[in-house]
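Written out below as structure tokens is the structure these notes cover.
The values are calculated or read from the model by the stated rules, or taken from the named source; none is laboratory data. From a predicted model like this one, the values you see are computed outputs, not experimental measurements. Neighbour counts run over all protein chains shown; Cβ positions are idealised from the backbone, glycine included. Remember, those area values only see protein heavy atoms, side chains included, never the ligands or the DNA or RNA. Shrake-Rupley method; radii C 1.70, N 1.55, O 1.52, S 1.80 Å.
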Amino acid sequence: MHEILMLCLGLILSVSFLVLVANKLKIAYPIFLVIAGLGAGFIPGIPGIHIDPDLVFLVILPPILFDAAQNTSWKALWKWRRIITVMALGYVLLTATAVAFVSYALIPGFTLAQGFLLGAIISPPDAAAATSVLQFVKMPKSMVSILEGESLLNDATSLTLFRFALAAIISSNFSWFNAASGFIFVTVSGIGIGLILGLIFYAIYKWLPTTSNLDIAFSLVLPYIMYITAEELHSSGVLAVVTGSLFISYKNHFVLTHSSRLRSNAVWPSIVFILNAVVFFVIGLQLPDIVSGIKSEFLLDAFKIALIITAVVIVIRMLSGWFSSWFTSFISKYITVAASKPGWRNPTIVSWVGMRGVVSLASALSIPLLVNNHAFPNRNLILFITFIVIVVTLVCQGLTLPWLIRRLKPENITDEKEDDQQTLEIELQLLTVAVDKINNDYPADLKVNRLLQNKLEVLKYKVELYGSSVNNTRKKVSANKLIERFKLVMTDVIEHERSKLHTFRKKDEYDDDIIRLIENRLDLEEEGLKEDSE
């Protein structure tokens, strides 16, 4: 136990320093961590670390999916439902089919069932890798929404396909009818289980006297309960987590307190970051173990095959993106679509965001060692190909994606309002109702309470400032400069207050818990200023 604890602490500390370096170099941390892991794997004395697929599926995947669903826009998911469904379902199936036939043709003794197994493993892009790369580039919100929606659902498609491909290899009486009906059952039941459990926890949040700490505790166990329940019922744990989490994310604004939401927003990003960072670093460390499974005389041939299959994966996604763009333009003549003229630039960039990650590797590692008391056919080769696909797509596509975006300059394909315009209009409405509320409901307090009077004057000034800027670009620029200067000054003032507060720690007559309470208030004020700036 002591050795496991030290190993975990060492991993977290190592990846934290590596992420610092990646941020300094402006490289997406999953890419940098995989490269660092590749190098570290050959350093003498570095202990070999084997990824247990159960660790990925049962421990790491559920919270990552839960957090992704919590941050997904329902409006965007519905608006882009067609292309998201095509990408999460159609792209995965098409990629798996292409990989199946290419690998069947390239690899002696490789069956179509093994080909579909390999295709299911390497077909879904990784959400964490794409999100981290997009931090360094500016993309239209529509493209980000499409990619986020795809990442929520494509794992479910690939893992379900993986399950049936594995059954085809193990079972001698496999039938496509049973596979198709099973696919429908897994999909429908997974969604149903997620909704039922989401409703149960919604009722707990709504009607039981929970606290902020209890709300966080429930949110930590909820994705695991959804995933394990669905898997135990032979359904899709991924779909259950995604569906239930989307339902909770839609309802939590009505049942969670402001304190619960603030704490959740502080806890969850850190948990997901640590899980993703450690996993991407460990992926790189797998190289020596995976290479050792391939005979040295066949290593070069295996590498060539892996590169060809990687190229197939990339090309199929690119062709699918361009075809989807053409078909959208064609079908827009007959039905209403979200964007009738997607062009070629945006589909090219979206198609290039195809970095594979931990789900692919975990799927490959979960292939059993034995089938019918014999070694699973070509297991080591499948694992090797999967690893090469992950590394090549992560490094090559990940590093070139920012350049491609700057080169192609993606364009807004819908008439979306700019973020600052949306913020301005919403803030104006909120400030207006706040002024009306104080004037109408608290006239007596206004006469005697100077604090309330000053607050009302500030609100009125903001209404005047924002109101004059909504439809006037020049005044909007001037107002933004004024607001930014205000935030800069107030940040400096808060820091000055904080410095003064620290002097009270040396005075015995002031309790530490009171000082922490006031410091928390200053932190919230400063965080509010920073969030307004983003």
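Structure notes:
- Extents of the range 1-142, taken as max minus min of Cα coordinates on every principal axis and listed largest first, are 47, 46, 31 Å.
- Over every Cα atom in the range 256-406, the radius of gyration and the widest Cα-Cα span, Dmax, amount to 20.6, 63 Å.
- Inter-site label distance for CYS396 and ASN71 at 7 Å from Cα along Cβ, in nm: 2.8 nm
- Against the rule of thumb 2.2 N^0.38 Å, how large the Cα Rg of the range 381-470 comes out: 2.14
- Paramagnetic label zone (point 7 Å from Cα along Cα-to-C-beta, ILE204; backbone N under 15 Å) in the range 255-297: 256
- Length gained when the stretch TYR224-ARG498 is fully extended (0.36 nm per residue, less Cα-Cα span): 94.6 nm
- Label zone at ASN454, where the point sits 7 Å out along the Cα-to-Cβ direction: the range 492-519 residues whose backbone N lies under 20 Å: 492-501, 518-519
- LEU152 accessible area, 1.4 Å probe, all protein chains in place, Å² to nearest 10: 0 Å²
- The trypsin sites (Lys or Arg not before Pro) of the range 257-298 that DSSP puts in a loop, and whose beta carbon has at most 15 other beta carbons within 10 Å, are LYS295.
- Portion, in percent, of the accessible area of the range 250-400 that falls on carbon or sulfur, probe 1.4 Å: 68 percent
- Normalised contact order of the range 91-222, rounded percent, pairs of Cα under 8 Å and 6 or more residues apart: 22 percent
- In this structure, the amide hydrogen of VAL371, modeled 1.01 Å from its nitrogen in the peptide plane, lies closer than 5 angstrom to those of PHE376, counting only residues at least 5 positions away or on a different chain.
- Additional length obtainable on full extension of the chain from SER212 to TYR461, 0.36 nm per residue less Cα span: 86.2 nm
- Compactness relative to 2.2 N^0.38 Å, alpha carbon Rg of the range 271-339: 1.85
- Evaluated with a Cβ-only charge set (Lys, Arg +1; Asp, Glu -1), the chain carries a dipole of roughly 1520 debye about its Cα centre, given to the nearest 20.
- Estimated dipole of the range 250-356 in Debye, rounded to 20 [Cβ of Lys and Arg +1, of Asp and Glu -1, Cα centre]: 580 debye
- Per residue accessible area of the chain, 1.4 Å probe, in Å²: 54 Å²
- The phi-based Karplus calculation (6.51 cos²θ - 1.76 cosθ + 1.60; θ = phi - 60°) puts the 3J(HN,Hα) values of the range 31-43 at 5, 5, 5, 5, 4, 4, x, 4, x, 5, x, 9, 7 Hz, whole numbers, x for Gly and Pro.
- Sorted from longest to shortest, the spans of the Cα atoms of the range 431-534 along the three principal axes equal 54, 37, 16 Å.
- Residue-wise HN-Hα couplings along the range 378-388, as the Karplus relation 6.51 cos²θ - 1.76 cosθ + 1.60 with θ = phi - 60° gives them from phi, are 6, 4, 5, 5, 4, 5, 5, 4, 4, 4, 5 Hz; Gly and Pro carry x.
- Full extension of the segment from TYR510 to GLU427, taken as 0.36 nm per residue of separation minus the current Cα-Cα distance, would add 26.0 nm.
- Computed FRET value (nearest 0.05) for ALA311 with PHE486, which takes r as the C-beta separation and R₀ as 51 Å: 0.45
- Distance between the C-alpha centres of the range 143-164 and the range 104-126: 18 Å, rounded to the whole angstrom.
- Label-point gap, in nm, between ALA105 and VAL137 - each point 7 angstrom along Cα→Cβ: 3.0 nm
- By accessible area with a 1.4 Å probe, ligands and nucleic acids excluded, highest first: order of MET490, MET87: MET490, MET87
- Ordering THR72, TRP268, PHE101 by Cα displacement along the dipole of the chain toward the positive end leaves PHE101 in first place; charges were set at the Cβ atoms of Lys, Arg (+1) and Asp, Glu (-1).
- Cα long-axis angle, helix 512-533 against the chain (0 to 90 degrees, to the nearest 10): 70 degrees
- Percent carbon-and-sulfur accessible area, the range 129-210, ignoring ligands, DNA and RNA, probe 1.4 Å: 72 percent
- The range 197-244 and the range 265-342 have Cα centres separated by 29 Å.
- The chain, helix-only ellipticity at 222 nm - DSSP H runs n ≥ 4, -39,500 (n - 2.57), divided by all residues, nearest 500: -25000 deg cm²/dmol
- Rounded to the nearest 10 degrees, the angle from helix 61-70 to the longest Cα principal axis of the chain is 40 degrees.
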